[in-house]
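Each reported figure results from applying straightforward, stated rules to the coordinates on display, with no laboratory input. Everything numeric here is computed off the predicted structure, so don't read it as measured data. Cβ placement follows ideal geometry from the backbone for every residue including glycine, while neighbour counts extend to all protein chains displayed.
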Amino acid sequence: MRETDKYGALSALVIDDNEHMRVLLKSLLRALGVGTIHAVASAKEAIKFLRTCLPDVLLVDWMMEGMTGIELAWHIRNSHDSLNPYIPIIMVTGHGDKETVVAARDAGVNEFLVKPVSAQALAERLSSIVDHPRPFVRTKSYFGPDRRRQNIARKRRERRQGDIEVTTPEAIEYFVSLVRAKMADGPVIRVHKLATGDR
Amino acid sequence: MATMSKRRRQKPKASVDPAITRADALVAELRDRYPALVSSELKRLIACWAIIHAETPAGAEDGQERDPPSQANREELYRMSHDFKGHAGSYGYPLVSMLAGSVCQLIKKGALETSAGRSAVGRRIKAMQLVINERLSGDGGERAKKILAELRIR
């Protein structure tokens, strides 16, 4: 099976207030084999859409009038009426600077796609979401995919020790490693909630 | 022997996913249609710029500083330029994207409040128009260089 043949069962929602970008992203997704593609022109429309239909992945433009892409990402991850806070989000933006990337990451965005958009770059982001999904973690100030994707084993040891909510098997493994570390070295770890993944 | 070890070291060619090839072909097709797709948007951008330019007092061409344009027009020009910056590159017109981005930066820096600044914005908008109308995709080649030189855009 070709890399992109596996996207036939995938459904995507494009959220962009610019018609040309909606056309381009929809066309690219279709060409890459994504089975079902929807598009809306604003974050508000997206929230309305998500009440009736839950796609597998969102492509969200950063700069939109009214509610921005970052605000939408935060809403999806943290709002009590969000039907799927775990939905993968690809943020599309014209700015690839560090501050922008960090802000997107902190809002719970899974992947970052900088304009100009290419078929190869979009395929890589889809592959990352489908083939290498990251566990979701919760801290006092963050809920979303684990923000430390590189060299996870090393990062786990270095991770700051604070309040965490465990939401995936991988996160449970991490929690166990933290407890072991506490037993061995005696650092202070406060774990005040252990969830199963359901919200 | 040396040839053999060189051959062994050569990595096998990565197979190109036909879906990527298909998507690239689609972008090429969209690139051809881009000038038609954005023609009304480009007209609106030029019309907005014309309004801002018309807000200039009569004596401004003599070197006087100009009245700043209304906030609404300034924001509209910025928004439209930002849109071009966003989609032009993805459609294969990086030069338009660069020019539009430059307009955004100039507006942010308050260029619309001075004659020199407005002139710089106007030249970039003119260049965007020429690049799109003459279908100068990619780096635009020699013709693009000439346009940028004539309009004194570095």
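Fewest first, what order do B:Phe84, A:Phe143 take by the number of other Cβ atoms within 10 Å?
By the 10 Å Cβ count, ascending, the order reads A:Phe143, B:Phe84.
As a footprinting exposure proxy, order B:Tyr78, B:Tyr34, B:Tyr91 by other Cβ within 10 Å, with the fewest listed first. Kindly include the intermediate steps, with their values, before the conclusion.
Values: B:Tyr78 17, B:Tyr34 22, B:Tyr91 25.
Ranking B:Tyr78, B:Tyr34, B:Tyr91 by Cβ neighbours within 10 Å, fewest first, gives B:Tyr78, B:Tyr34, B:Tyr91.
Please report Rg over Rh for the range B:97-152, where both radii come from the alpha carbon positions and Rh follows the Kirkwood definition.
Values: Rg = 11.6 Å, Rh = 11.5 Å.
Rg/Rh: 1.00.
Treat the count of other C-beta atoms within 10 Å as a stand-in for reagent exposure and order A:Leu28, A:Leu50, B:Leu42 from fewest to most.
Values: A:Leu28 28, A:Leu50 22, B:Leu42 19.
Placing the least packed residue first, the sequence is B:Leu42, A:Leu50, A:Leu28.
For the range A:1-82, state which GluC sites (Glu not before Pro) are in a DSSP loop and have at most 15 other beta carbons lying within 10 Å of their beta carbon.
Those that pass, being in a loop and sparsely packed, are A:Glu65.
When only C-alpha pairs under 8 Å and at least 6 residues apart count, what is the relative contact order of the range A:39-85, in percent?
Working: 29 pairs, mean separation 16.2, N = 47.
Computed value for the range A:39-85: 34 percent relative contact order.
For peptide B:19-30, how many partner chain Cβ atoms fall within 10 Å of a residue's Cβ, on average?
Partner Cβ neighbours, averaged per residue: 6.
Loop-only GluC sites (Glu not before Pro) in the range B:83-154, please: DSSP not H, G, I, E or B, and at most 15 other Cβ atoms within 10 Å. Please report the intermediate quantities before stating the final value.
Working: sites: B:Glu113, B:Glu134, B:Glu142, B:Glu150; in loops: B:Glu134.
Qualifying residues, ordered by number: B:Glu134.
Please state the Cα pair-distance histogram of the range A:1-121 with 10 angstrom bins from zero: what percent is in each bin?
The percentages, shortest bin first, are 14, 48, 33, 5, 0.
In the range A:1-147, what percentage of the DSSP-assigned beta bridges are antiparallel, given to the nearest 5?
15
The range A:58-98: percent of C-alpha pairs farther apart than 18 Å?
Cα-Cα pairs of the range A:58-98 separated by over 18 Å account for 27 percent.
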